[in-house]
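*Asks:* Got a structure for you, questions after.
The values are calculated or read from the model by the stated rules, or taken from the named source; none is laboratory data. In this text the structure is predicted, and so the values were computed from the model without any measurement. All Cβ positions, glycine included, derive from the backbone under ideal geometry; neighbour counts span all protein chains shown. In case anyone asks, the SASA skips ligands and DNA or RNA and just uses the protein heavy atoms, side chains included. Shrake-Rupley method; radii C 1.70, N 1.55, O 1.52, S 1.80 Å.
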Amino acid sequence: SYEELMSEYLIICTRRSIKWSRLLKDTGKVQRTVKLKRYVRKGIPNEHRAFIWMTASGAQEQLEKNPGYYQSMLVTYNDSKLVETIRTDLNRTFPDNVLFRKSSDSCLQKSLFNVLLAYGYHNPSVGYCQGMNFIAGYLLIITKDEEKSFWLMDALIGRILPDYYSPAMLGLKTDQEALGELVKLKIPRVWQVMVKHNVMWTLVVSRWFICLYIDILPVETVMRIWDCLFYEGSKILFRVALTLIHHNQALIERAKSLPDVCQAFKELTQGPFVEDCHPFMQKIFTEPGSLSMATLTKLRATCRGRFGEEES
């Protein structure tokens, strides 16, 4: 059962926590080493998560370089349209989570509003788009700090996932196409099913990428993915997607129509395989085979070129 899985996982977490405390006590700071990468892949304990995400992503450096900047965003500008757009989405953000209920003593809705508003002013070319509310919400749950959440948003949207949330969403579209190319290369039978039933990748994976697996995979699995996302960058999103598809290849191959394919993609994000996050995270580094940033950069350039040709 899920409860048994979690009780076993908690034992692993306790062991990891002791190792992490020892590592950080010895070094006092975060230096990129093979050992640290191995530790991150095995999961960052909750008490160290905000610190590691901030330092690994460069968000801490930005925060220190720009004292008072976050607060200034909240008091300097006033855009009633942006305010209204964000307010509309607040009640839709984790409605089942007690931390986001207005009746809760420690309701995070006001903090969520502030972070999204400040980011909209900070990056007017993006402003606000749906999906960002869930990301900011997760960041607040982990950091319990508006300013840190703001700078982590900046790291994600500005550097790790550029053009995912811009009006044209070119980065997002490019990565969905790049995933298709990787599936064609690594899991060709699934690619054939997609072609046969004329299924566009955006139909089945856009929420995976735009929500960074929030509300797609179990919470602890998402946290573990984000540990690696902040440390290793966007290729982690591809590793997760390829593992989910590869592991459920037979399920997808049974599809007889486009609705069948969509249903298969819904089912492959549920069940014990994704709930047992420790073995799942080990799988994402073995099951898809090698995937270098150089390969990904090349693929992205090809796919982006296609969009350019379509527009012209």
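*Asks:* Full-extension gain between Leu251 and Lys35, please, as 0.36 nm times their residue separation minus the C-alpha to C-alpha distance.
*Replies:* Details: separation 216, 0.36 × 216 = 77.76 nm, distance 3.70 nm.
This chain segment gains 74.1 nm when fully extended.
*Asks:* In nanometres, what is the gap between the two model label sites at Glu84 and Arg159, each 7 Å from Cα along Cα-to-Cβ?
*Replies:* About 3.6 nm, to one decimal.
*Asks:* Moving on. First check a/c for region 170-311, with a ≥ b ≥ c the square roots of the eigenvalues of its C-alpha gyration tensor; if it is under 1.5, answer rounded, and if not, answer prolate when a/b is larger than b/c or oblate otherwise.
*Replies:* On the way: a/c = 1.61, a/b = 1.10, b/c = 1.47.
Verdict is oblate for region 170-311.
*Asks:* Do any of Lys65/Lys148; Lys110/Lys266; Lys186/Lys283; Lys110/Lys148 go past 24 Å between their Cα atoms, and which? All intermediate terms of the calculation are to be shown ahead of the outcome.
*Replies:* Numbers: Lys65/Lys148 13 Å; Lys110/Lys266 32 Å; Lys186/Lys283 15 Å; Lys110/Lys148 15 Å.
Distance filter (> 24 Å) returns Lys110/Lys266.
*Asks:* Quantify, in whole percent, the carbon and sulfur part of the accessible surface of the chain (1.4 Å probe; protein heavy atoms only).
*Replies:* Numbers: 8090 of 15290 Å².
C and S fraction of accessible area: 53 percent.
*Asks:* In addition: Please list, or write none, the aspartates and glutamates whose alpha carbon is within less than 12 Å of the alpha carbon of Lys37, excluding same-chain residues fewer than 8 places away.
*Replies:* Asp227, Glu232
*Asks:* Let me ask something else about it. Rolling a 1.4 Å sphere over the protein heavy atoms, what is the accessible area per residue of region 191-234, to the nearest Å²?
*Replies:* Details: 1540 Å² over 44 residues.
Averaged over the residues of region 191-234, the accessible area is 35 Å².
*Asks:* Of Ala118, Cys262, Ala178, which is farthest towards the positive pole of the chain's charge dipole, taken about the Cα centre with +1 and -1 on the beta-carbons of Lys, Arg and Asp, Glu respectively?
*Replies:* Working it through, the farthest residue towards the positive pole turns out to be Ala178.
*Asks:* Helix-only mean residue ellipticity at 222 nm, the chain, DSSP H runs n ≥ 4 weighted -39,500 (n - 2.57), per residue, nearest 500. What is it? List each step's numbers first, then the result.
*Replies:* Numbers: 19 runs with 215 residues, N = 312.
Estimated from H runs of four or more residues: -21000 deg cm²/dmol.
*Asks:* Shape call for region 1-156 from the C-alpha gyration tensor, a ≥ b ≥ c root eigenvalues: rounded (a/c under 1.5), prolate (a/b greater than b/c) or oblate?
*Replies:* Numbers: a/c = 2.63, a/b = 1.45, b/c = 1.82.
It is oblate, given that a/c is not under 1.5 and a/b is not larger than b/c.
*Asks:* Shifting gears a bit: Dipole magnitude of the chain about its Cα centre, charges +1 at Lys/Arg Cβ and -1 at Asp/Glu Cβ only, in debye to the nearest 20? Present the calculation step by step, with values, prior to reporting the outcome.
*Replies:* Working: 40 positive and 33 negative charges, 188 e Å.
Using Cβ point charges on Lys, Arg, Asp and Glu, the chain gives about 900 debye.
*Asks:* What is the dipole size for region 66-160, taken about its Cα centre, with +1 at each Lys and Arg Cβ and -1 at each Asp and Glu Cβ, in debye to the nearest 20? Show your work: numbers first, answer last.
*Replies:* Details: 9 positive and 9 negative charges, 24 e Å.
Roughly 120 debye for region 66-160.
*Asks:* Find how many whole Å separate the alpha carbon centroid of region 85-131 from the alpha carbon centroid of region 230-256.
*Replies:* 29
*Asks:* On average, how much accessible surface per residue is there in region 1-117, in Å², for a 1.4 Å probe, leaving out ligands, DNA and RNA? Write out the running numbers ahead of the final one.
*Replies:* Values: 7390 Å² over 117 residues.
Value returned for region 1-117: 63 Å² of accessible area per residue.
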